[in-house]
1. Taking the options Asn106, Asn110, name whichever one is crowded, with 17+ Cβ neighbours inside 10 Å and over 24 Å from Ile3 (Cβ atoms).
2. Tell me, which residue of region 95-122 that is polar (S, T, N, Q) and closer than 18 Å to Thr83 by Cα is modelled with the lowest pLDDT?
3. Between a residue in region 60-73 that is closer than 14 Å to Leu13 by Cβ and any residue that is of a type in the set (S, T, N, Q), which pairs come within a Cβ distance under 8 Å, given they are 6 or more apart or on different chains?
4. Here's a check for you: in region 75-103, which residue that is of a type outside the set (Gly, Ala, Ser) and touching a residue at least 60 places away in the same chain (Cβ under 8 Å) is surrounded by the fewest Cβ atoms within 10 Å (Cβ to Cβ)?
5. Only residues that are in contact with an Asp or Glu (Cβ under 8 Å, 6 or more places away or on another chain) and at positive phi: list them for region 96-128, please.
6. Looking only at residues that are crowded, with 17+ Cβ neighbours inside 10 Å, within 16 Å of Ala72 (Cβ to Cβ) and of a type in the set (Gly, Ala, Ser) in region 11-56, which one is modelled with the lowest pLDDT?
7. Out of everything in region 1-36 that is among the polar types (S, T, N, Q) and under 24 Å from Glu90 (Cα atoms), what residue ends up being nearest to the chain's Cα centre (by Cα)?
8. Give me the residue from region 37-63 that is in contact with a helix residue (DSSP H, G or I) (Cβ under 7 Å, 6 or more places away or on another chain) and among the aliphatic types (A, V, I, L, M) and, out of that set, farthest from Met89 (Cα to Cα).
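The values are calculated or read from the model by the stated rules, or taken from the named source; none is laboratory data. As the structure is a computational prediction, the values presented were derived from the model and not from experiment. Counting neighbours? That spans all protein chains shown, and the Cβs are built from the backbone with ideal geometry, glycine included.
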Amino acid sequence: MTITGSQVSAIMLGGGVGALMRYLVSTKINELAGVNFPLGTLAVNLLGSFVMGFLAMWLVENLGLNPLLRLAIFVGFLGAFTTFSTFSMETLNLFQEGLPLRALLNMLINVSFTVIAVWLGAFLGKQV
């Protein structure tokens, strides 16, 4: 697979904006909520998942989005805003393809293993 300079630029630009927006939105929601629960992360994950599903249908299916703009939005912006949106779209695709068990397994493995992985990383980080 080869990637062009234009593709790299599109992904980097979208990713930079997405990462900044994730920080700003998540931080503001946590500040406003004032509770000891990551509502900001939940909010960006839900928003990013909704936006990915909406834009995938509206922009790509109906409007034939330019490939570079598609990379900037989906891979760059939404990928940096929340990787949860990609996971959610892939799970939805499995359901739509008539593979509900595979979709449920995808959910179970992703959620369980990423929580275990972050716990393991935190545990090991404290040991260093």
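1. Going through Asn106, Asn110 in turn, the sole match is Asn106.
2. Only one residue fits best here, namely Asn110.
3. As it stands, the answer is Leu68/Ser6; Leu68/Gln7; Leu71/Gln7, since those pairs meet every condition given.
4. Among them, the one singled out is Val75.
5. None - no residue of region 96-128 is in contact with an Asp or Glu (Cβ under 8 Å, 6 or more places away or on another chain) and at positive phi, so the list stays empty.
6. Ala56
7. Among those that are among the polar types (S, T, N, Q) and under 24 Å from Glu90 (Cα atoms), it is Ser26.
8. Leu39
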